[in-house]
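Just below is one structure, and these are the notes that go with it.
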Amino acid sequence: MVPANTAVDNSTLSWDKNSNDKPNKKKMKKVMLATLLLMLCTCTLSAQKFALIDMEYILSNIPAYEQANQQLEQASKQFQQAVEAKAQEAEALYKAYQKASASMSAAQRTQKEEAIVQKEREAAELRKRYFGPEGEMAQKQEALIAPIQDQIYETVKQIAQQKGYAAIIDRSSAQSIIFASPSIDISNEVLAKLGYSN
């Protein structure tokens, strides 16, 4: 017969759900979950391919873009001269008004003031017509530059699909890129596909 003090207590052999092992079990779950997430992230990142382009570099190597910029610059100068001429007319009216206002009647002063305001309004309207958000310069820029940019976009998109890139980033506008290996820059490839060689 087994002495009473050597008897095995069945409650210590079975899993006690109320024991102090719960924190260890939670800790193990957290560690396993973190390991699983780390493995998933590593697999996902290694499966994605990225590339860079330098849009400023690409555009500077396309002659049509340079020609479009020259046309825009010439138009801008012409429009600016027209606006300045209208503003100078208003300025001349104002100076003449200041010189002669003392000898004018109230009706004449009102008439001259209205003419000055009208000329200033014409200058402002001309500026808006040429340089406003929907003005002639914006329309010219859309007509000359947008087709070139669209062509570049379509070429980049084709390269991305052919080579399986998850993202292609423009390094000239991405200020948060501190360093990138030149081996992932595909700018020359884009130019070659567009028919321009560097």
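The values are calculated or read from the model by the stated rules, or taken from the named source; none is laboratory data. Being a predicted model, the structure only gives us computed values, none of them experimental. Cβ placement follows ideal geometry from the backbone for every residue including glycine, while neighbour counts extend to all protein chains displayed.
Taking the options Ala115, Ala92, Ala100, name whichever one is surrounded by 13 or more Cβ atoms within 10 Å (Cβ to Cβ), over 21 Å from Leu194 (Cβ atoms) and aliphatic (A, V, I, L, M).
The conditions single out Ala115.
Which condition number does Ile159 fail, the rest of (1) aliphatic (A, V, I, L, M); (2) surrounded by fewer than 15 Cβ atoms within 10 Å (Cβ to Cβ); (3) touching an Asp or Glu at 6+ places or on another chain (Cβ under 9 Å) being met?
Ile159 satisfies every listed condition except (2).
Go through the stretch 135-181 and give me each residue that's in contact with a strand residue (DSSP E or B) (Cβ under 9 Å, 6 or more places away or on another chain) and outside any loop (DSSP other than H, G, I, E, B).
Ile152, Val156, Lys157, Ile159, Ala160, Lys163, Tyr165, Ala166, Ala167, Ile168, Ile169, Asp170 - these are the residues of the stretch 135-181 that are in contact with a strand residue (DSSP E or B) (Cβ under 9 Å, 6 or more places away or on another chain) and outside any loop (DSSP other than H, G, I, E, B).
Would you check if Lys95 is part of a helix (DSSP H, G or I), without any contact (Cβ under 8 Å) to a residue 40 or more places away in the chain and in contact with an Asp or Glu (Cβ under 6 Å, 6 or more places away or on another chain)? Break it down into steps so the answer makes sense when it comes.
Details: part of a helix (DSSP H, G or I): yes; without any contact (Cβ under 8 Å) to a residue 40 or more places away in the chain: yes; in contact with an Asp or Glu (Cβ under 6 Å, 6 or more places away or on another chain): no.
Here the answer is no, as Lys95 does not meet what is asked.
Considering only residues that are of a type in the set (Phe, Trp, Tyr) and more than 21 Å from Met137 (Cβ to Cβ), which ones fall in the stretch 53-69?
Tyr57, the sole residue that qualifies.
If a residue has to be modelled with pLDDT of 85 or more, of a type outside the set (Phe, Trp, Tyr) and assigned to a loop (DSSP other than H, G, I, E, B) to count, how many in the stretch 182-198 make the cut?
Matching residues across the stretch 182-198 total 2.
Might you let me know whether the stretch 71-86 holds any residue that is farther than 30 Å from Tyr196 by Cβ and charged (D, E, K, R)?
Looking for residues that are farther than 30 Å from Tyr196 by Cβ and charged (D, E, K, R), one finds at least one in the stretch 71-86, hence yes.
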